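Colleague: Here it is: the structure, laid out below.
The values are calculated or read from the model by the stated rules, or taken from the named source; none is laboratory data. Computed from a predicted model, the values in this text were never measured in an experiment. Heads up, the Cβs are rebuilt from the backbone with ideal geometry, glycines too, and the neighbour counts pull from every protein chain shown. Keep in mind that these areas ignore ligands, DNA and RNA; they rest on the heavy atoms of the full protein, side chains included. Shrake-Rupley method; radii C 1.70, N 1.55, O 1.52, S 1.80 Å.
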Amino acid sequence: MPTPDKQLSAEQSRQIADTIREEIARRRISRQSLAELAKLSLSTLEKVLGGRRPFTLATTVRLEQALGVSLRTTAEAPAPALPVNGDVAADGLGAYSRRAVAWIEGTYITIRPSFGDKDAIFAYLTEISWDAAASCLVFHESERQDAAYTQYGEVAVPNQSGHIYLVTNRHGQHRLITVARLPISGEMFGIITTLLAGRGSLLTPIAAPIAYLPVKMIQNPAFGRISPENANYSAYRTHLRRTLDEPFAMFLPG
């Protein structure tokens, strides 16, 4: 019987996806070209880069051969020994225990205003789960129409403020999401602070309301840029407006 192809861990897959996206940008090649060089289907490449499927050893080897770089140097490094308090996050994240934040874990439909169309809503998935190696909650986005901008990072839950922070830190470049969570329904509402990509290399700081809906709340969720004609638009708009109407966040006039 053939040996099953080894699947890499979620953290290894994220590291490899980051490296591949950097190589694609640096070499200015398309994903279609890379898929052809690696003898993979474009669908497979899109799924592993978007976090919808873990990398396998065979897929990783093919991509290494196509790019001429090692993708497993960091991914296969021995995992550091877990600290004695392996079920407690670092002080900088709130020093929370795994049991204390288990209610946050889950998959959420994430909605915010579209940065490119004032009448549209942008929707994608965010999964929050416990990472034993990092000893904290982590989040990972998927189903993004702009897959190249998919984010992942750590989750801080300080008990002083009662808010939840989803923090991306890539080489010193930060994106911060601050939300409050409703204990009964599980929705989360708040603010995203990030950079808006413009023409060429232009990046502009931008902030907007954001909402996280437990995936079970929407029967047939839609992702990407949601226009007013979409069947989910009205429900998404109602949830998103709660961020400012209740208010969970405030935007002061300049």
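Colleague: Whether any residue in the stretch 187-206 is more than 19 Å from the chain's Cα centre (by Cα) and either at positive phi or modelled with pLDDT of 95 or more (or both) is what I want to check.
Modeller: Yes, the conditions are met somewhere in the stretch 187-206.
Colleague: Output the qualifying pairs, or none if there are none: Cβ atoms under 6 angstrom, residues six or more apart or on different chains, first residue in the stretch 147-170 and of a type in the set (F, W, Y), second residue in a strand (DSSP E or B) and open to solvent by less than 30 Å² (accessible area, probe 1.4 Å).
Modeller: From the stretch 147-170, the pairs are Y165/A156.
Colleague: On the basis of being small (G, A, S), exposed (fewer than 13 other Cβ atoms within 10 Å of the Cβ) and either modelled with pLDDT of 85 or more or farther than 30 Å from E36 by Cβ (or both), does G106 make the cut? Step through it out loud before you land on a result.
Modeller: Working: small (G, A, S): yes; exposed (fewer than 13 other Cβ atoms within 10 Å of the Cβ): no; either modelled with pLDDT of 85 or more or farther than 30 Å from E36 by Cβ (or both): yes.
No.
Colleague: Okay, moving on. If you scan the stretch 66-86, which residues turn out to be modelled with pLDDT of 65 or more and surrounded by 16 or more Cβ atoms within 10 Å (Cβ to Cβ)?
Modeller: From the stretch 66-86, those modelled with pLDDT of 65 or more are 66-72; that's our starting set.
Those that are modelled with pLDDT of 65 or more and surrounded by 16 or more Cβ atoms within 10 Å (Cβ to Cβ): A66, L67, L71, R72.
Colleague: Looking only at the stretch 109-137, count how many residues are more than 14 Å from the chain's Cα centre (by Cα) and open to solvent by 30 Å² or more (accessible area, probe 1.4 Å).
Modeller: Qualifying residue count for the region: 9.
Colleague: Residue by residue through the stretch 237-254, note down the ones that are surrounded by 10 or more Cβ atoms within 10 Å (Cβ to Cβ), aliphatic (A, V, I, L, M) and modelled with pLDDT under 95. Can you show your working first?
Modeller: Narrowing the stretch 237-254 to residues surrounded by 10 or more Cβ atoms within 10 Å (Cβ to Cβ): 237-249, 251.
From what is left, the residues that are aliphatic (A, V, I, L, M) are 240, 244, 249.
Across the stretch 237-254, the qualifying residues are L244, A249.
Colleague: Any idea which of G172, G106 is farther than 30 Å from P228 by Cα and not polar (S, T, N, Q)? First the steps, then the outcome.
Modeller: Details: G106 fails: farther than 30 Å from P228 by Cα.
Testing whether each residue is farther than 30 Å from P228 by Cα and not polar (S, T, N, Q) leaves just G172.
Colleague: Need pairs with beta-carbon distance below 8 Å; first residue on the phi > 0 side of the Ramachandran plot and within the stretch 25-52, second of a type in the set (D, E, K, R); sequence gap 6+ or separate chains.
Modeller: Pairs found: K39/R62; G51/R14; G51/E141.
Colleague: Does A231 qualify as being farther than 18 Å from I128 by Cα, in a loop (DSSP other than H, G, I, E, B) and at pLDDT below 95?
Modeller: Details: farther than 18 Å from I128 by Cα: yes; in a loop (DSSP other than H, G, I, E, B): yes; at pLDDT below 95: no.
Spelling it out, it is not the case that A231 is farther than 18 Å from I128 by Cα, in a loop (DSSP other than H, G, I, E, B) and at pLDDT below 95.
Colleague: Moving to a separate point now. Please specify each residue of the stretch 3-51 satisfying the condition of being over 17 Å from R72 (Cβ atoms) and in contact with a strand residue (DSSP E or B) (Cβ under 7 Å, 6 or more places away or on another chain).
Modeller: G50, G51
Colleague: Would you confirm whether or not the stretch 208-230 contains a residue that is open to solvent by less than 50 Å² (accessible area, probe 1.4 Å), under 22 Å from the mean Cα position of the chain (by Cα) and among the polar types (S, T, N, Q)?
Modeller: Looking for residues that are open to solvent by less than 50 Å² (accessible area, probe 1.4 Å), under 22 Å from the mean Cα position of the chain (by Cα) and among the polar types (S, T, N, Q), one finds none in the stretch 208-230, hence no.
Colleague: If S234 satisfies every condition in (1) polar (S, T, N, Q); (2) surrounded by fewer than 17 Cβ atoms within 10 Å (Cβ to Cβ); (3) within 22 Å of the chain's Cα centre (by Cα) but one, which is the exception?
Modeller: (3)
Colleague: I want to confirm something. Restricting to the stretch 143-194 and keeping residues that are of a type in the set (F, W, Y) and part of a strand (DSSP E or B), which single residue is surrounded by the fewest Cβ atoms within 10 Å (Cβ to Cβ)? Break it down stepwise before answering.
Modeller: Narrowing the stretch 143-194 to residues of a type in the set (F, W, Y): 149, 152, 165, 189.
Checking the rest, the ones that are also part of a strand (DSSP E or B) come to 152, 165, 189.
On the way: Y152: 20, Y165: 18, F189: 25.
So the residue we want is Y165.
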